[in-house]
Structures are given as structure tokens and as C-alpha cells.
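Q: Quick one: the structure is below, questions incoming.
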Protein chains: 2
Amino acid sequence: MSASTPPEPQIHVAVDMIVLTLRDEQLSVLLVQRHDEPYGGAWALPGGFIEVGEDIEAAAYRVLADEASLGTDDVYLEQVRTFGTPGRDPRGHVVSVAFMALGADLPDPRHGDVVQDARWWAVEDLARVNLAFDHGIVLDAAIERARAKLEYTTLAATFLPPEFTISQLRAVYEKVWGTTLDAGNFHRKATRTPGFLVELERYAAPTGGRPARLYRKGHGSALVPPLLRSGD
Amino acid sequence: MSASTPPEPQIHVAVDMIVLTLRDEQLSVLLVQRHDEPYGGAWALPGGFIEVGEDIEAAAYRVLADEASLGTDDVYLEQVRTFGTPGRDPRGHVVSVAFMALGADLPDPRHGDVVQDARWWAVEDLARVNLAFDHGIVLDAAIERARAKLEYTTLAATFLPPEFTISQLRAVYEKVWGTTLDAGNFHRKATRTPGFLVELERYAAPTGGRPARLYRKGHGSALVPPLLRSGD
DNA sequence: GCAATAGTGTCTTTAAGACATTATCTT
DNA sequence: AAGATAATGTCTTAAAGACACTATTGC
């Protein structure tokens with residue numbers, strides 16, 4: 001274990017990545033286990049310091065590549081908020097720009113060079129996880145952002161492969177929101193909202209029932225009127 | 001945040017304030033005129049560097065006090081986004097956290113110690129203004145955030161004094177969105193949305209017509225279902 | 001045939017859009 | 001009284017909720 005550095009008279013800028021995907025029907029987030037102090041043994045969001053002259057988004061993609069083996073095309077990336085309360089990192093004043101990264105069925109993290117232990121955690125199970133720094137708050141902000149954006153954008157499709165069925169799309173909403181939705185009403189909403197979906201002439205392999213038509217994400221980004229959670 | 005050691009040459013962290021209010025029936029933003037290079041003579045968002053050990057929000061309030069004579073209770077403050085493209089400030093690598101600050105009928109800026117020239121600009125007239133740095137982009141992001149938040153939150157009331165009429169509230173929407181709304185339908189929406197308004201037993205001084213009932217902001221923060229711009 | 005999944009149709013309810021109408025003030 | 005502004009009411013339309021029903025597969 002390396003000797004702890006004394007706090008320098010400098011503000012450091014970092015990125016924290018909240019990588020979300022659906023795995024085994026569960027909304028899951030990628031966490032890495034810390035081996036150094038502070039918070040040795042605790043789980044943390046993948047992150048890293050921004051270098052001088054480096055763009056914030058570029059740093060975010062760099063961390064995704066280094067710590068999650070994810071490329072630019074694998075995820076949708078969006079800034080969530082910047083956290084900079086002085087005491088949040090005991091080593092010094094660290095200002096962190098939080099990003100959420102959403103992707104379809106992302107792979108298990110490779111162990112190796114940079115990261116020792118990294119794994120997906122179901123959001124549902126996070127109460128049992130000891131999170132480093134203020135990462136619990138950061139995580140909550142990102143998850144709430146993702147949940148809210150499903151309401152008024154077409155972002156749900158980023159959790160799915162390029163071609164998908166309406167049932168899969170509905171499952172995204174249900175898993176991310178933790179609710180159930182009426183299949184018929186959801187079908188109507190999804191197919192009649194302009195720009196949401198592009199109907200294909202192909203069908204998914206049947207799974208013990210009528211084969212489902214395949215769709216692709218449409219070009220629209222807004223869902224007007226929105227699809228509200230409130231209705232349950 | 002977990003991996004590498006921070007680099008030597010510094011990244012500076014700043015806050016940029018987008019202070020919005022309604023003045024003379026127009027959505028307006030506070031800008032300060034620069035006297036130093038770079039961008040000497042151009043107009044810029046009020047802003048300042050964060051000091052080591054200083055909270056980001058605290059820095060935002062400090063800038064509001066110094067450059068706009070505004071206190072904590074005068075405005076609603078919300079983080080918008082963080083801008084950090086390396087070339088945005090020719091003097092070095094500056095990462096700026098943008099905040100929007102919304103207030104009711106904010107006063108003219110005092111000239112003096114810190115700021116030489118500061119004034120309110122109608123958002124409508126901004127096309128004619130030479131803006132420093134990337135402040136045009138920052139400003140656009142904040143204005144769009146404010147416009148969007150009127151749709152699904154009760155934020156419109158922050159542009160008004162504690163007690164206000166429904167017509168004044170409607171005017172907020174109309175001026176911020178640049179649209180007109182049906183008075184009757186807006187009245188229905190405002191009064192029947194739970195948590196939006198608290199009805200008072202008092203009336204505004206009549207202005208050549210039936211006196212308008214006074215309302216106070218309710219405790220709700222969300223507007224469900226939202227009040228969409230699309231309808232115009 | 002039956003169970004399972006996908007998709008459509010129908011009725012009801014909610015809420016918005018487009019007004020007309022009434023209420024209460026100033027002049 | 002006329003004009004202005006505020007508030008309410010009514011009719012229509014859009015869209016969601018709550019289903020029932022049909023369609024197409026595997027077994």
C-alpha cells in the first residue's frame with residue numbers, strides 16, 4: 001500500500017462513470033472494488049482524473065475504455081451533475097463530473113491491468129453495498145436521471161440491441177422503473193408516437209407464442225406527450 | 001478518481017452564472033462587460049474561479065453576491081452542465097460549472113468594486129451581443145433548461161414575488177416560452193394541479209378590471225401531468 | 001387441443017383545446 | 001354605460017387506463 005499523499009493546494013478534476021445496463025432482467029451498474037485507502041475494500045464508481053488539455057467527455061470515454069472495456073459506440077453518454085463538496089475525498093479537493101453511460105447488454109468487465117475487481121451490481125441490491133466517497137449520492141442522481149429521461153425521451157432503446165421487439169422495450173421501462181405496464185396500452189403508445197420506432201419487415205424467433213415483430217429505434221429523441229411513471 | 005495521480009500543470013475550476021429574471025415583460029439575463037483580454041470589450045456571464053476547499057454551490061453564491069449583489073434567498077439556483085473543452089479559454093484549461101439562477105424582478109446591478117459594467121439583456125436581443133468564450137453555448141443550454149423545467153415543475157413561480165395572480169403566472173410562461181396561452185385553460189390547469197398553488201383570501205389591486213385573486217407557490221415541485229409547450 | 005406470447009379493439013376516464021359566458025372592477 | 005381584466009362553464013378532441021378479444025406460435 002502506497003503512502004498517503006498530503007492534500008495539495010490544488011483542485012483536481014475527475015470524472016465518475018455511472019454505467020447502466022440490463023442484465024438478467026435487472027437494472028445494473030458497474031462498480032470497481034478499491035484496494036487502496038481511503039475506502040479500501042469498498043466499491044466505487046469507475047472514474048479517473050482529467051488530464052490538462054483533455055476534454056471532459058474524452059476523459060469519460062477514456063475511463064470507459066480503461067475500466068470497462070467499452071468503446072464510444074457501445075454506450076449513450078450524458079453528463080449528470082458535478083460534485084465538488086470539499087470533504088467528499090479525504091485526499092484533497094476533488095471536483096467530479098458525473099456521467100451516466102447507458103448500453104445494451106454490456107459485457108462482464110475484463111480483469112487485468114487497470115482494474116482488479118469490477119462487477120455488475122443490480123441496483124436493487126445496492127443497499128447491501130458499501131460505497132466509497134459520496135458515490136451513493138452520485139449513483140442515485142444518475143439513476144433518477146435515467147428513470148426520468150425514459151418518460152420524455154426515446155432513450156429506452158439504448159438499453160436494447162439495434163433490433164428489438166415491443167415486449168423487450170416494455171421490459172426496459174418495467175425494469176428501470178420497477179413497475180409493470182399494460183402490454184396493450186404500451187404497444188399503442190410505442191407504435192403511435194411519431195419518431196419512436198421504425199417498423200421492420202422481420203420477426204423475432206418465437207419463444208412459445210406468436211412471433212414478435214422487430215423494430216429499430218426511430219429518429220425522434222423526444223416523446224410527446226411523455227410516457228409517465230405516475231400511472232403505475 | 002480511483003486510478004492515476006493528478007498531473008502537474010493545473011486545471012482551473014470556475015463557475016459561470018446564468019442569472020435569469022423577467023424585466024419589462026422580457027426574459028433577461030445578466031451579463032458583465034470584460035475589460036481585460038482575452039475578449040476585451042465583449043460581454044460575458046458573471047463567473048469566478050473556485051478556491052481550494054470551497055464548495056461549488058458556495059462559489060456560485062459568492063459570485064452572485066459579488067457581481068450581482070444577490071443573496072441566497074433572492075434566487076433559485078440549479079446546476080446546468082459543466083463545460084471543459086480545452087480551447088474554450090485561451091489562458092489555460094478552465095472547467096466551468098454552469099448554474100442557472102432564477103429570481104423575481106431582480107435589481108439593476110450596482111457598479112463599483114468588482115464589476116465595471118453589468119446590465120440586463122433581453123434574451124430576445126442576444127443575437128446582437130458579442131459574447132466572450134463559449135458563453136453563447138452555455139447561455140443557450142441554461143435557457144433551454146429553464147424553458148423545459150417550466151413544463152414539468154412548478155418553477156415558474158420563482159420568477160414572481162411571493163404573492164401573485166394567475167395572470168402573472170401565465171405571463172411568466174408566455175414570456176419565457178415566447179408563446180401565448182389560453183387564459184381560461186391556463187387558469188384551469190394552474191388551479192387544479194395539486195401542489196402548484198395555494199389560494200389566498202386576498203386580491204390584487206385592480207388594474208381596470210375584476211381584481212385577481214392572489215396565490216402563493218404550493219409545496220409541490222412536479223407538475224403532473226406536465227404543461228407542454230407543444231400546444232402552440 | 002392448451003398454454004404462452006403478440007397484437008388489436010372497445011369502452012371509459014382524464015385532461016387539454018377552443019371557445020362562450022359571467023363577474024367585477026375603472027373610467 | 002363601455003371597456004378591461006378575471007374567472008367559470010361548455011363542447012370537442014386527444015390520449016391514457018382498463019380491460020376483452022383475436023392471432024400465431026410451441027407443446
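The values are calculated or read from the model by the stated rules, or taken from the named source; none is laboratory data. All of these numbers come straight from a predicted model, not from anything done at the bench. All Cβ positions, even for glycine, are placed from backbone atoms using ideal geometry, and neighbour counts span all protein chains on display.
Q: When both residues are 6+ apart or on different chains and their Cβ atoms are under 9 Å apart, which pairs have a first residue that lies in region B:154-170 and is without any contact (Cβ under 8 Å) to a residue 12 or more places away in the chain and within 14 Å of another protein chain (Cβ to nearest Cβ), and a second that is part of a loop (DSSP other than H, G, I, E, B) and more than 16 Å from DNA strand C (Cβ to nearest atom)?
A: none
Q: Residues of region B:190-207 being under 29 Å from B:Glu124 (Cα atoms) and surrounded by fewer than 18 Cβ atoms within 10 Å (Cβ to Cβ), which ones?
A: B:Thr207
Q: If you don't mind, another one. Among the numbered criteria (1) at pLDDT 95 or above; (2) in a helix (DSSP H, G or I), which one does B:Asp66 miss?
A: (1)
Q: Could I ask something else about it? Of the residues in region A:56-89, how many are farther than 19 Å from A:Arg119 by Cα and without any contact (Cβ under 8 Å) to a residue 12 or more places away in the chain?
A: Qualifying residue count, region A:56-89: 5.
Q: Give the residue that is nearest to A:Tyr76 (Cα to Cα), with candidates limited to residues of region A:88-103 that are aliphatic (A, V, I, L, M) and within 12 Å of another protein chain (Cβ to nearest Cβ).
A: Per the stated criteria, the residue is A:Ala98.
Q: Then there's this: Pick from region B:150-167 the residues that are touching a strand residue (DSSP E or B) at 6+ places or on another chain (Cβ under 9 Å) and not hydrophobic (A, V, I, L, M, F, W, C): which of them is nearest to DNA strand D (Cβ to nearest atom)?
A: So the residue we want is B:Thr165.
Q: Filter region A:117-175 down to the residues that are of a type in the set (D, E, K, R) and in a helix (DSSP H, G or I) and list them by number.
A: Those that are of a type in the set (D, E, K, R) and in a helix (DSSP H, G or I): A:Glu124, A:Asp125, A:Arg128, A:Asp140, A:Glu144, A:Arg145, A:Arg147, A:Lys149, A:Glu151, A:Arg170, A:Glu174, A:Lys175.
Q: Turning to a different aspect of this structure: Residues in region B:179-207 that are without any contact (Cβ under 8 Å) to a residue 40 or more places away in the chain and more than 12 Å from DNA strand D (Cβ to nearest atom): how many?
A: Number of matching residues: 3.
Q: Report the residue count in region B:208-224 for those that are surrounded by 12 or more Cβ atoms within 10 Å (Cβ to Cβ) and within 13 Å of DNA strand D (Cβ to nearest atom).
A: Qualifying residue count for the region: 6.
Q: Does region B:120-129 contain any residue that is assigned by TED's automatic domain parsing to the domain that holds B:Leu64, out of contact with any Cys (no Cβ under 6 Å at 6 or more places or on another chain), more than 16 Å from DNA strand C (Cβ to nearest atom) and small (Gly, Ala, Ser)?
A: yes
Q: For region B:166-175, give me each residue that is among the hydrophobic types (A, V, I, L, M, F, W, C) and within 14 Å of DNA strand C (Cβ to nearest atom).
A: The answer is B:Ile166, and nothing else.
Q: Can you pull out every residue in region B:176-232 that is away from DNA strand C (no atom under 12 Å from the Cβ) and among the β-branched types (Val, Ile, Thr)?
A: B:Val176, B:Val198
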